[in-house]
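Chemist: This is the structure, below, for whatever I ask next.
The values are calculated or read from the model by the stated rules, or taken from the named source; none is laboratory data. All figures in this text were calculated on a predicted structure; none of them were measured in a lab. Neighbour counts run over all protein chains shown; Cβ positions are idealised from the backbone, glycine included. Heavy atoms of the whole protein, side chains included, go into the accessibility calculation; ligands, DNA and RNA do not. Shrake-Rupley method; radii C 1.70, N 1.55, O 1.52, S 1.80 Å.
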Amino acid sequence: MKWFDRLRIRHTLRHHPIPFGSWRRLMQEANIFRGLTSVERAHLRKLSTLFLHRKAFSGAQGLTLTTDIRLAVAAQACLLILELGLDYYDGWVEVILYPGTFKVSRDASEDGVVSRDDGHLAGESWQRGPVVLSWATAAADLAGHQSGHNVVVHEFAHKLDSLDGSANGIPPVHSGMIREHWTHVFTGAFDALRSQLAHHRPHGIDAYAATSPAEFFAVCSETFFTAPATLQQQFPAIYEQLVLFYRQDPKNRLAA
Ligand SMILES: [Zn+2]
């Protein structure tokens with residue numbers, strides 16, 4: 001890192017701190033952050049501060065963006081890259097929040113779209129463009145209304161998936177991981193889920209995962225961070241690959 005980058009980071013951390021009360025409330029109330037060590041929390045706070053400074057947040061349809069709203073999105077987004085680094089979110093700047101689910105005029109089958117409400121979207125992630133979210137959905141997910149659901153994790157997982165050019169369910173894997181193994185494991189689990197759905201057999205993860213390999217990776221990431229025991233039980237090999245990719249083990253910390 002160049003010296004002026006280091007200087008800029010230090011300046012941001014010193015002059016744009018996250019209000020202590022907002023941070024403490026979020027860490028105490030949201031289950032997704034449960035079990036993080038004090039060192040991990042401090043690191044998450046640093047990443048969230050830089051994220052809030054580097055990304056441009058805007059509220060659509062009259063939504064007023066409070067500190068708590070921005071922080072809830074930033075901290076959840078940064079949980080995915082806690083052990084990866086903020087440069088995993090380079091190449092785009094905008095986060096747009098709608099008060100509720102929203103309608104877009106584009107083809108709703110494009111990569112990155114989450115649709116759970118008759119053509120209304122809860123979130124979408126544009127290739128090299130903004131992340132768009134329904135705050136009502138994000139707030140309900142943060143409160144843990146539906147196990148395994150988290151639209152913020154979902155859309156930011158698409159961002160990681162798109163890092164190598166296309167959202168295809170294969171993010172750039174780290175050295176020491178084997179891309180062919182990732183593909184083999186994810187393809188097998190994706191086919192198994194589709195077969196379970198076709199035979200109306202019970203399954204642990206959101207059926208939206210069966211839409212495409214990209215959605216499968218995004219939904220598995222949601223389940224990984226919010227209901228890790230369910231994902232590990234259903235697809236242990238996927239869980240193992242996600243531990244290697246995200247370099248963290250939510251099941252261990254949530255069980256603590
Ligand atoms: Zn999606």
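Chemist: Which order do Arg34, Arg128, Arg247, Arg41 take when ranked by solvent-accessible area (1.4 Å probe, heavy atoms of all protein chains), largest first?
Modeler: Arg128, Arg247, Arg34, Arg41
Chemist: Out of Gly21, Ala140, Ile81, whose Cα points farthest toward the positive end of the dipole of the stretch 16-164 (charges: +1 Lys, Arg; -1 Asp, Glu; placed on Cβ)?
Modeler: Going by the charge dipole, the pick is Gly21.
Chemist: At a Förster distance of 30 Å, what's the computed FRET efficiency of Thr187 paired with His120, Cβ-Cβ distance as r, to 0.05?
Modeler: 0.45
Chemist: Would you tell me the accessible area of Met177, worked out with a 1.4 angstrom probe on the heavy atoms of the protein chains, in Å² to the nearest 10?
Modeler: Counting only protein heavy atoms, the figure is 30 Å².
Chemist: Over the stretch 118-249, with the other protein chains present, what is the accessible area per residue in square angstrom, probe 1.4 angstrom?
Modeler: Spelled out: the 1.4 Å probe surface of the stretch 118-249, per residue, equals 40 Å².
Chemist: State to the nearest 20 debye the size of the charge dipole of the stretch 179-255 about its Cα centre, where the only charges are +1 on K and R beta carbons and -1 on D and E beta carbons.
Modeler: 120
Chemist: While we're here: Using θ = phi - 60° and the Karplus relation 6.51 cos²θ - 1.76 cosθ + 1.60, list the HN-Hα couplings for the stretch 35-46 in order, rounded to whole Hz, with x at every Gly or Pro.
Modeler: x, 5, 6, 5, 5, 5, 5, 5, 5, 4, 5, 5
Chemist: Quote to one decimal, in nm, the extra length available between Ala42 and Arg128 on full extension: 0.36 nm per residue of separation minus the C-alpha distance between them.
Modeler: Full extension from Ala42 to Arg128 adds 28.1 nm.
Chemist: When the solvent-accessible surface of protein heavy atoms is calculated with a 1.4 angstrom probe, in what order do Phe217, Phe20 fall, highest first?
Modeler: From most exposed to least exposed: Phe20, Phe217.
Chemist: To continue, here is another question. With all protein chains present, how much of the accessible area of the stretch 179-255 (probe radius 1.4 Å) comes from carbon and sulfur, to the nearest whole percent?
Modeler: Carbon and sulfur: 54 percent of the exposed surface of the stretch 179-255.
Chemist: Continuing with the same structure: Over all alpha-carbon pairs in the stretch 179-255, figure out the percentage whose distance exceeds 18 Å.
Modeler: Considering the stretch 179-255, 33 percent of its Cα-Cα pairs are separated by more than 18 Å.
Chemist: What residues have an amide H closer than 5 Å to that of His120, excluding those fewer than 5 places away on the same chain, when H is modeled at 1.01 Å from N in the peptide plane?
Modeler: It is none; the list stays empty.
Chemist: Same structure again: Of Val219, Val39, Val173, Val93, which has the most accessible area and how do the rest follow, probe 1.4 Å? Kindly include the intermediate steps, with their values, before the conclusion.
Modeler: Numbers: Val219 0, Val39 110, Val173 35, Val93 85 Å².
Correct descending sequence by accessible area is Val39, Val93, Val173, Val219.
Chemist: Leaving out ligands, DNA and RNA but keeping every protein chain, what accessible area does Thr230 have, in Å² rounded to the nearest 10, with a 1.4 Å probe?
Modeler: Only protein atoms counted, so the area is about 50 Å².
Chemist: Just to check I understand the Karplus step: with θ = phi - 60° and J = 6.51 cos²θ - 1.76 cosθ + 1.60, what whole-Hz values come out for the stretch 57-67, glycine and proline as x?
Modeler: Calculated HN-Hα couplings, in order: 9, 9, x, 9, 6, x, 5, 8, 8, 7, 4 Hz.
Chemist: Amide H to amide H, which residues 5 or more places from Gly148 or on other chains are under 5 Å from it, using H placed in the peptide plane?
Modeler: Distant-sequence amide H within range of Gly148: Ala227.
Chemist: Quick one: net charge of Asn31's neighbours, Cβ under 15 Å, K/R +1, D/E -1?
Modeler: Value of the local net charge: +2.
Chemist: When the Karplus curve 6.51 cos²θ - 1.76 cosθ + 1.60 is applied with θ = phi - 60°, which whole-Hz ³J(HN,Hα) does each residue of the stretch 234-248 get, with x for Gly and Pro?
Modeler: In residue order, the calculated couplings are 6, 9, x, 5, 5, 4, 4, 5, 6, 4, 5, 6, 7, 6, 8 Hz.
Chemist: Give the Kirkwood hydrodynamic radius (Å, one decimal) of the chain, defined as one over the mean of 1/r across all pairs of different Cα atoms.
Modeler: When all Cα pairs of the chain are included, the Kirkwood radius is 18.6 Å.
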